[in-house]
1. When you scan the range 127-134, do you find a residue that is within 28 Å of Phe98 (Cβ to Cβ), within 18 Å of the chain's Cα centre (by Cα), touching a residue at least 12 places away in the same chain (Cβ under 8 Å) and surrounded by fewer than 16 Cβ atoms within 10 Å (Cβ to Cβ), even just one?
2. Could you look through the range 109-125, keep only residues that are touching a residue at least 12 places away in the same chain (Cβ under 8 Å) and within 15 Å of Trp80 (Cα to Cα), and pick out the one that is surrounded by the fewest Cβ atoms within 10 Å (Cβ to Cβ)?
3. Among the residues of the range 1-11, is any in the same structural domain as Phe182 (by TED's automatic domain parsing), of a type in the set (Gly, Ala, Ser), exposed (fewer than 14 other Cβ atoms within 10 Å of the Cβ) and outside any helix (DSSP H, G or I)?
4. Pick out the one residue from Leu71, Leu43 that is out of contact with any Pro (no Cβ under 8 Å at 6 or more places or on another chain) and hydrophobic (A, V, I, L, M, F, W, C).
5. Check the range 54-64 and report whether any residue there is in a loop (DSSP other than H, G, I, E, B), of a type in the set (A, V, I, L, M), buried (at least 18 other Cβ atoms within 10 Å of the Cβ) and in the same structural domain as Asp164 (by TED's automatic domain parsing).
6. For residues that are basic (Lys, Arg) and surrounded by fewer than 19 Cβ atoms within 10 Å (Cβ to Cβ), tally how many sit in the range 157-178.
7. What's the number of the condition Ala42 fails, among (1) modelled with pLDDT of 95 or more; (2) closer than 18 Å to Asp155 by Cα?
8. Can you name every residue in the range 7-30 that is charged (D, E, K, R) and touching a Ser or Thr at 6+ places or on another chain (Cβ under 8 Å)?
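The values are calculated or read from the model by the stated rules, or taken from the named source; none is laboratory data. Nothing here was measured: the structure is a model prediction, and the numbers come from that model. Glycine gets a Cβ as well: all are built from the backbone with ideal geometry, and neighbour counts include every protein chain shown.
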Amino acid sequence: SASADDLNEQLTLKIKALCEQGVPNYFGEQRFGKSNLPKARALFSANKRMPREQRSLCLSAARSYLFNRVLDARISASNWSTYVDGDVLMLDGSRSRFVLDAESDSDADFSEKVAAKIEQRLAQGDIHISGPMCGRGCSGVTAAAEQLEDAAIADEIALVEGLDRQGVDVARRPLRCFPKQFEWQLEDEKCHLSFILPTGSYATVLIRELVECL
């Protein structure tokens, strides 16, 4: 039918875009459980003890929420997949991370070449912009990127400080992920999807991105 053809075309275009540009690497709702975030707020405000497993779930929920806030802000600013001065970059499929040498900024020609190379590698999906997994220690982000992150979570300083007090080590997470081996089929008004995501990324987030285009 015409409607089925239209739907198939919409899906094809959206899936192609997701495979080329990446999927926002949000933490899915299941990361938060029914009340893990409110429990985390209570844990930090009262500094009370709780069973280790429950504490771990609460800390994960708080970190995930703050990461999602930063990703929201970067998407709103249209720079979630483009380099901002001070960003921490991560290699695809790895936890390895690096920052650009600020001292190289004194050489304009060199800086332009580095910036062009970074944008090329970002476009190829070889590296990714990262966001914060808040905790104790220095995450490495500086300059404009640090200002963006700080502004995104400024009204949640109690969570940031609570994670620091709880001794959770700071980390970074890519702001996007790329689905691999993506296959789909429309049959009897049902859509069958098959894809592979990196460890730690959420299929529910990808499906939400697809549904929003329909």
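1. No, the range 127-134 contains no residue that is within 28 Å of Phe98 (Cβ to Cβ), within 18 Å of the chain's Cα centre (by Cα), touching a residue at least 12 places away in the same chain (Cβ under 8 Å) and surrounded by fewer than 16 Cβ atoms within 10 Å (Cβ to Cβ).
2. Only one residue fits best here, namely Glu119.
3. Looking for residues that are in the same structural domain as Phe182 (by TED's automatic domain parsing), of a type in the set (Gly, Ala, Ser), exposed (fewer than 14 other Cβ atoms within 10 Å of the Cβ) and outside any helix (DSSP H, G or I), one finds at least one in the range 1-11, hence yes.
4. Matching residue, one of Leu71, Leu43: Leu43.
5. no
6. 1
7. Answer for Ala42: the failing condition is (1).
8. Listed by number, the list holds a single entry, Glu29.
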